[in-house]
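Comments concern the structure below.
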Amino acid sequence: MKLSVFGESPADEGAVRILVEAILGRPTEPISPPLESRGWPFLRNNLSKVIRHLMFSTETEALVVVTDADSSPIHHPDHEQAGSRYADCRLCCLRDIVEREQKQLSSDSLKIAIGLAVPSIEAWYLCGTDTRGSEAAWLQTEERKRNTMYRNRLKYAVYQTERPTLELEKRCATAAAQRLAQDISLLETHFPKGFGPLIKTIRTW
Amino acid sequence: MIESVHFKNFKALRDATLPLGRFTLIIGPNGSGKSTALKGIQATSRPESHFYLQSVTASKRGMDEETIEIIFDLTYGNVKVARQVCWRSDNSPPQVRYSGEMPTFADIDTALARTRIYSLNPQAIAASVTLNPYTEIGEDGSGLVSVLDRLRDENPERFEALNEALGRWLPEFDRILFSTPQQGMRAFSLRTREGRYSIAAADISQGTLLALALMTLAYLPDPPAVVCLEEPDRGIHPRLLRDVQDALYRLSYPEGIDDDRQPVQVIATTHSPYLLDLYRDHPEEIVIAHKEGLDVRFDRLSEQPYIDELLHGSQLGEIWYSGILGGVPTRI
Ligand SMILES: [Zn+2]
């Protein structure tokens with residue numbers, strides 16, 4: 001499968017590809033997204049361009065988009081009922097963009113799956129090795145109001161520094177994804193709201 | 001480490017305090033005192049090389065009894081020390097005064113003397129030089145080839161790590177090569193990954209030369225104690241700014257990359273919203289220079305009220321560009 005991954009950094013994109021391959025049970029052929037992402041608003045503002053580019057200028061079959069939730073509301077199954085999408089939920093926001101594009105282009109030939117890493121992808125990397133590696137840990141922590149500090153702590157736990165170089169990020173993200181790929185149900189169990197919808201969609205491919 | 005610098009009557013900085021950390025990125029409009037602050041820090045490290053008349057605030061020129069003062073609040077180990085440098089209108093030699101509990105201040109003087117300011121220039125970086133084992137990278141990047149040559153001979157592991165970093169940052173190249181254009185002279189070139197052609201420094205793109213100088217600085221075994229950088233992103237493609245950030249963090253947080261050398265205090269300026277975006281998780285490292293009439297004020301971004309709310313759903317660079325944070329040019 002020719003697969004493109006659009007995430008918040010090149011390190012995330014490599015790790016997410018490993019997870020997708022574990023879900024699919026087969027290797028994928030990478031297609032680079034045309035843009036290098038620079039975090040949430042950039043991803044939201046440019047997703048339409050990425051979809052159009054992949055559809056018209058490449059032979060990409062599937063696109064996986066993963067964004068950090070940061071301090072935004074976490075996706076809830078209630079949001080999935082027609083008409084009840086929640087504007088501040090990043091997963092809902094990205095789904096709206098995808099549906100709008102598919103409608104405008106009258107095509108859903110490009111398969112698209114979206115994941116929300118709560119509160120950041122580093123929490124996924126910690127799943128199974130650190131108590132902070134779950135959505136529940138984030139929902140229960142008193143530190144939710146201090147999102148930046150919490151994110152930095154997660155980074156430290158993954159990279160042993162709050163300021164990893166891209167090279168170090170890639171190395172740690174790859175190692176974590178390879179570990180998680182051994183038992184993908186771990187992420188599904190601990191991140192039901194943000195990883196759940198992603199795995200559900202990919203399993204239909 | 002210099003915790004803060006107070007400037008009095010130094011050029012555009014009539015009365016301003018600049019808060020600093022191990023890494024500080026100063027943003028602000030032209031003429032907001034960013035470069036002046038860097039020059040002031042350098043002047044304080046070697047006070048005898050600066051004179052009252054060339055540095056006093058324009059509105060104070062010709063006034064008797066005025067002084068230029070630059071005060072560093074420093075932490076040295078666990079000790080807090082203030083170091084005041086004062087230039088007087090009678091042009092007497094500058095005075096350096098310390099306050100705080102320290103057995104000797106000589107170590108601080110020695111460390112501060114290793115303050116360097118860089119405003120890199122591609123032509124200077126590319127220039128071939130007469131070999132000199134004591135050369136360091138000049139303010140404009142000149143002498144780079146000598147420094148690289150020494151690194152290769154004296155720290156081969158670091159030189160190899162630099163070559164690897166070059167290949168990651170600029171994948172079209174894989175190695176730094178040296179040549180002798182004439183006796184006693186040294187020049188460098190970069191080898192292309194594909195075809196292994198040697199591209200002479202003079203024919204290398206400006207952005208690549210700037211990137212190479214920054215990378216080299218980050219891989220030195222003994223970089224300056226304080227590095228002031230004017231617009232390290234200038235001339236470098238926005239996609240490569242993450243590498244600029246990595247190089248600067250490599251200098252100031254060596255423990256994060258398992259390097260056992262001393263951390264370097266890095267103070268950089270920028271006009272780039274793209275570079276600023278990369279510091280979203282560290283608002284305490286961003287200082288905004290505000291120009292208010294003839295005065296300048298420096299504020300840490302982390303001390304802006306409602307910063308989390310402002311950042312919600314927006315890029316940091318975009319918010320700064322919008323003017324909400326201040327530190328942008330105004331029009332009449
Ligand atoms: Zn939702």
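The values are calculated or read from the model by the stated rules, or taken from the named source; none is laboratory data. Everything numeric here is computed off the predicted structure, so don't read it as measured data. Because the Cβ atoms are built from the backbone with ideal geometry, glycine has one as well, and the counts that use them run over all protein chains shown. When the accessible area is computed, the model is the full protein with side chains, heavy atoms only, and any ligands, DNA or RNA have been set aside. Shrake-Rupley method; radii C 1.70, N 1.55, O 1.52, S 1.80 Å.
Yes or no: A:Arg95 among the charged types (D, E, K, R) and within 14 Å of the ligand (Cβ to nearest atom)?
yes
Take region A:114-123 and flag every residue that is open to solvent by 10 Å² or more (accessible area, probe 1.4 Å) and within 16 Å of the ligand (Cβ to nearest atom).
A:Ile114
State whether the residues of region B:121-128 include one that is open to solvent by 40 Å² or more (accessible area, probe 1.4 Å), away from chain A (no Cβ under 14 Å) and under 18 Å from the mean Cα position of the chain (by Cα).
yes
Among the residues of region B:13-36, is there at least one that is modelled with pLDDT of 90 or more, farther than 30 Å from B:Val328 by Cβ, assigned to a strand (DSSP E or B) and touching a Leu at 6+ places or on another chain (Cβ under 7 Å)?
No, region B:13-36 contains no residue that is modelled with pLDDT of 90 or more, farther than 30 Å from B:Val328 by Cβ, assigned to a strand (DSSP E or B) and touching a Leu at 6+ places or on another chain (Cβ under 7 Å).
Condition first: of a type in the set (Val, Ile, Thr) and under 15 Å from the mean Cα position of the chain (by Cα). Can you find one or more residues in region A:46-63 that meet it?
Within region A:46-63 (the criterion being of a type in the set (Val, Ile, Thr) and under 15 Å from the mean Cα position of the chain (by Cα)), the answer is no, since none of the residues qualifies.
Here is a yes/no grid of residues against (1) at pLDDT below 95; (2) within 13 Å of the ligand (Cβ to nearest atom); (3) surrounded by 23 or more Cβ atoms within 10 Å (Cβ to Cβ):
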position	(1), (2), (3)
A:Asp78	yes, yes, no
A:Cys89	yes, yes, no
A:Gln102	yes, no, no
A:Tyr125	no, no, yes
A:Ser134	no, no, no
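Quick check: anything in region A:23-35 open to solvent by less than 70 Å² (accessible area, probe 1.4 Å), over 20 Å from A:Glu135 (Cα atoms), within 14 Å of chain B (Cβ to nearest Cβ) and within 13 Å of the chain's Cα centre (by Cα)?
Looking through region A:23-35, none of the residues is open to solvent by less than 70 Å² (accessible area, probe 1.4 Å), over 20 Å from A:Glu135 (Cα atoms), within 14 Å of chain B (Cβ to nearest Cβ) and within 13 Å of the chain's Cα centre (by Cα).
Restricting the first residue to region B:53-74 and requiring it to be free of Cβ contacts under 8 Å to residues at least 12 places away in the same chain, which pairs with a second residue that is part of a helix (DSSP H, G or I) meet a Cβ separation below 9 Å and a spacing of at least six or different chains?
Listed by first residue and then by second, the contacts come to B:Arg61/B:Leu53.
Can you spot a residue in region B:84-103 that is over 16 Å from B:Val226 (Cα atoms), part of a loop (DSSP other than H, G, I, E, B) and charged (D, E, K, R)?
Yes, some residue in region B:84-103 is over 16 Å from B:Val226 (Cα atoms), part of a loop (DSSP other than H, G, I, E, B) and charged (D, E, K, R).
If you check B:Gln245, B:Gln304, which single one turns out to be modelled with pLDDT under 85, under 22 Å from A:Thr148 (Cα atoms) and either open to solvent by less than 60 Å² (accessible area, probe 1.4 Å) or not assigned by TED's automatic domain parsing to the domain that holds B:Arg152 (or both)?
Every option except B:Gln304 fails the conditions.
Do we have any residue at all in region A:54-71 that's away from chain B (no Cβ under 14 Å) and among the aromatic types (Phe, Trp, Tyr)?
Yes, the conditions are met somewhere in region A:54-71.
What's the number of the condition A:Lys111 fails, among (1) away from the ligand (no atom under 13 Å from the Cβ); (2) surrounded by fewer than 15 Cβ atoms within 10 Å (Cβ to Cβ)?
Looking at each condition in turn, A:Lys111 falls short on (2).
Out of all the residues in region B:259-296, which are more than 9 Å from every other protein chain (Cβ to nearest Cβ), farther than 17 Å from B:Leu38 by Cβ and open to solvent by 30 Å² or more (accessible area, probe 1.4 Å)?
Those that are more than 9 Å from every other protein chain (Cβ to nearest Cβ), farther than 17 Å from B:Leu38 by Cβ and open to solvent by 30 Å² or more (accessible area, probe 1.4 Å): B:Asp260, B:Gln262, B:Pro263, B:Pro273, B:Glu284, B:Glu292, B:Gly293, B:Leu294, B:Asp295.
Quick check on region A:145-163. Is at least one of its residues more than 10 Å from every other protein chain (Cβ to nearest Cβ), open to solvent by less than 30 Å² (accessible area, probe 1.4 Å) and within 16 Å of the ligand (Cβ to nearest atom)?
Checking region A:145-163: not a single residue is more than 10 Å from every other protein chain (Cβ to nearest Cβ), open to solvent by less than 30 Å² (accessible area, probe 1.4 Å) and within 16 Å of the ligand (Cβ to nearest atom).
Within the group B:Leu25, B:Leu18, B:Leu38, which residue is closer than 20 Å to B:Pro224 by Cα and in contact with a helix residue (DSSP H, G or I) (Cβ under 8 Å, 6 or more places away or on another chain)?
Step by step, each of B:Leu25, B:Leu18, B:Leu38 is checked, and only B:Leu25 is closer than 20 Å to B:Pro224 by Cα and in contact with a helix residue (DSSP H, G or I) (Cβ under 8 Å, 6 or more places away or on another chain).
Determine which member of the set A:Arg44, A:Arg38 is of a type in the set (Lys, Arg), open to solvent by 40 Å² or more (accessible area, probe 1.4 Å), within 14 Å of chain B (Cβ to nearest Cβ) and in a loop (DSSP other than H, G, I, E, B).
A:Arg38
For region A:164-205, what are the residues that are of a type in the set (Gly, Ala, Ser) and either touching a residue at least 60 places away in the same chain (Cβ under 8 Å) or within 14 Å of another protein chain (Cβ to nearest Cβ) (or both)?
A:Ala173, A:Ala176, A:Ala177, A:Ala181, A:Gly194
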